[in-house]
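The values are calculated or read from the model by the stated rules, or taken from the named source; none is laboratory data. This structure is a prediction, so every number in the text was calculated from the model and none was measured. Here the Cβ positions follow ideal geometry from the backbone for every residue, glycine too, while neighbour counts run over all protein chains shown. When the accessible area is computed, the model is the full protein with side chains, heavy atoms only, and any ligands, DNA or RNA have been set aside. Shrake-Rupley method; radii C 1.70, N 1.55, O 1.52, S 1.80 Å.
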Amino acid sequence: KAGVTQTPRYLIKTRGQQVTLSCSPISGHRSVSWYQQTPGQGLQFLFEYFSETQRNKGNFPGRFSGRQFSNSRSEMNVSTLELGDSALYLCASSPREGGQPQHFGDGTRLSIL
Amino acid sequence: GENVEQHPSTLSVQEGDSAVIKCTYSDSASNYFPWYKQELGKRPQLIIDIRSNVGEKKDQRIAVTLNKTAKHFSLHITETQPEDSAVYFCAASLTGTASKLTFGTGTRLQVTL
């Protein structure tokens, strides 16, 4: 069974731009969560999607948003990029809402210039 | 919200020795505690997890113990090998309502020859 797939693996953007990241969960998994990983703040929860609905949200500004499609694939969007948004963005999937364990993808490394 | 503290931040052991990493959590409602291993440039990989109805779980050289009263859990690695060198993260979650994981700050384990 294929694991969690995230695209692209690397992105370079400039301040003020916006970016969209994609995540395809493990086949049959319906819950997708997003995390931001930085050296200073560690791994922080962004949001969780299940059945195309955001179920839970972390403490991030409204510039961070996401959505989930009927096939459980999810996208995350960050608008008006800031230097501090440089991070590894990780997606994790689990079979059901509130389900564990979660399995992570390789992440998208976003660099803001 | 939940807060997870992890110690030590770095740990160096000789090959064959044991390593212990400790975490404490703040929310007594948390009921699921996974441990992830992250090698440089790779995804966090689930290595073991424990649920609140169990006090200890073992998988070959890896074991996790949970003390609900004291709200702390620990990872034990015996007979360490160079390939155990990585960053280890503990996390806590309340399953059934949300998949959100609250992570500790990580422990960099180095196994020396």
query = Counting only protein heavy atoms, what percent of the accessible surface of chain A is carbon or sulfur at a 1.4 Å probe?
reply = 46
inquiry  = Using a 10 Å cut-off around each Cβ of peptide A:103-109, what is the average number of partner chain Cβ atoms that fall inside?
reply    = 3
ask   = Of all chymotrypsin sites (Phe, Trp or Tyr not before Pro) in the range A:18-113, which ones are in loop regions per DSSP and have a Cβ with at most 16 other Cβ atoms within 10 Å?
value = A:F69
query = Where is the GNM fluctuation largest for chain B (alpha-carbon springs, 10 angstrom cutoff): B:A70, B:A29, B:A98?
reply = B:A98
inquiry  = Counting other C-beta atoms within 10 Å, and keeping those with at most 11, which DSSP coil trypsin sites (Lys or Arg not before Pro) do you find in the range A:52-109?
reply    = none
ask   = What residue among B:S99, B:S85, B:S12 has the largest mean-square fluctuation in a Gaussian network model of chain B, using Cα springs under 10 Å?
value = B:S99
query = What is chain A's relative contact order, in percent, from Cα pairs under 8 angstrom and six or more apart in sequence?
reply = 37
remark   = the range B:10-55 and the range A:1-79 have their Cα centres apart by a whole-number Å value of 24
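Pairs A:K57/B:K68; B:K22/B:K57; B:K22/B:K68; B:K22/B:K58; A:K1/A:K57: which exceed 23 Å Cα-Cα? Write down the numbers at each step before the final one.
Numbers: A:K57/B:K68 26 Å; B:K22/B:K57 15 Å; B:K22/B:K68 14 Å; B:K22/B:K58 16 Å; A:K1/A:K57 29 Å.
Where the Cα-Cα span goes over 23 Å, the pairs concerned are A:K57/B:K68; A:K1/A:K57.
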query = Which of the aspartates and glutamates could a cross-linker bridge to B:K42, judged by Cα under 12 Å and excluding same-chain residues fewer than eight apart?
reply = A:D106
Highest-MSF residue in chain A out of A:S51, A:S74, A:S93 [GNM, Cα springs under 10 Å] = A:S51
Residues losing 50 Å² or more accessible surface upon assembly, the range B:30-63, compared with the chain by itself, 1.4 Å = B:R43, B:P44
ask   = So if we plug the beta-carbon distance of A:S27 and B:E39 into 1/(1 + (r/R0)^6) with R0 = 35 Å, what FRET efficiency do we get, rounded to 0.05?
value = 0.90
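For B:D49, B:D17, give me the order by solvent-accessible area with a 1.4 Å probe, most accessible first, ignoring ligands, DNA and RNA.
Working: B:D49 20, B:D17 75 Å².
Order by accessible area, largest first: B:D17, B:D49.
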key: Separation of the B:D17 and A:S70 label points, Cα + 7 Å toward Cβ, nm   = 5.8
query = At the nearest 100 Å², what buried accessible area, both sides summed, do you get for A and B when the probe is 1.4 Å?
reply = 1700
